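Trainee: The structure's right below; bear with me while I get my questions together.
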Amino acid sequence: MTEEQPARGPGRPAQLSIERIVSAALESGTNELTVRGLARRLGVTHKALYRWVGDRDGLLDLISDHLLERVLVRTAETPADNWRAWLTSFGRLLRAEFLPVADAEVLAQFPRETGAYKELQQRAEAVLSGPELTQEQARDSFAVFLFTVWGWIAAEKLCAEQPDHERTFAAMLDALTRGLPSPPSH
């Protein structure tokens, strides 16, 4: 994801940035979010905001992609010798970024074929693929892992009053990574 503004003609400087759009959207809560309402909140015309996001789905993609970018920055580019530790760390980072801010709309949008998602998928395939797992098997294994973690985050949002989410999340990650086949060390 880039911080560059969409192509524009002459006129005054852009008042919008990805950071500003995402911040305002998360502050207002995405379940009630409209492009026109967000534009008012940002003090710009809805047409200016549409140039950045296209439509509401584009806005939700932007939010998800931005949060995934934050996960990617903190996820090791090159996996350690222990792929289970890499996946566990990724799962914890995903939960840490999305759980505090994402509501049902953002959770329903993920994962989409955004730039950050594609980069994340490539990293995971590099971690998992090798002589024991084909690239397709690595992609499928990561999809199972990702959707399981994602489902956990959604369930945790719905059942916030349940005790000890931290412990049970750690147990779920452990059980999930123990169940995946072991690719060779890198």
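We did not get these values from a lab; they are worked out from the coordinates using the rules stated. From a predicted model like this one, the values you see are computed outputs, not experimental measurements. Because the Cβ atoms are built from the backbone with ideal geometry, glycine has one as well, and the counts that use them run over all protein chains shown.
Trainee: Arg92: net charge of surrounding residues, Cβ under 15 Å, Lys/Arg +1, Asp/Glu -1, itself excluded?
Mentor: Computed value for this residue: +1.
Trainee: Looking at region 116-166, which GluC sites (Glu not before Pro) are in a loop (DSSP not H, G, I, E or B) and have at most 13 other Cβ atoms within 10 Å?
Mentor: Hits after loop and neighbour filter: Glu132, Glu161.
Trainee: According to a simple spin-label model (label point 7 Å from Cα along Cα-to-Cβ), what is the distance in nm between Arg70 and Glu32?
Mentor: With each label placed 7 Å out from Cα toward Cβ, I get 2.1 nm.
Trainee: Add +1 for every Lys or Arg and -1 for every Asp or Glu among the other residues with Cβ under 12 Å from the Cβ of Thr45, and state the total. Each step should come with its number before you reach the end.
Mentor: Details: positive: Arg36, Arg40, Lys47, Arg51; negative: none.
Around Thr45, the surrounding residues sum to +4.
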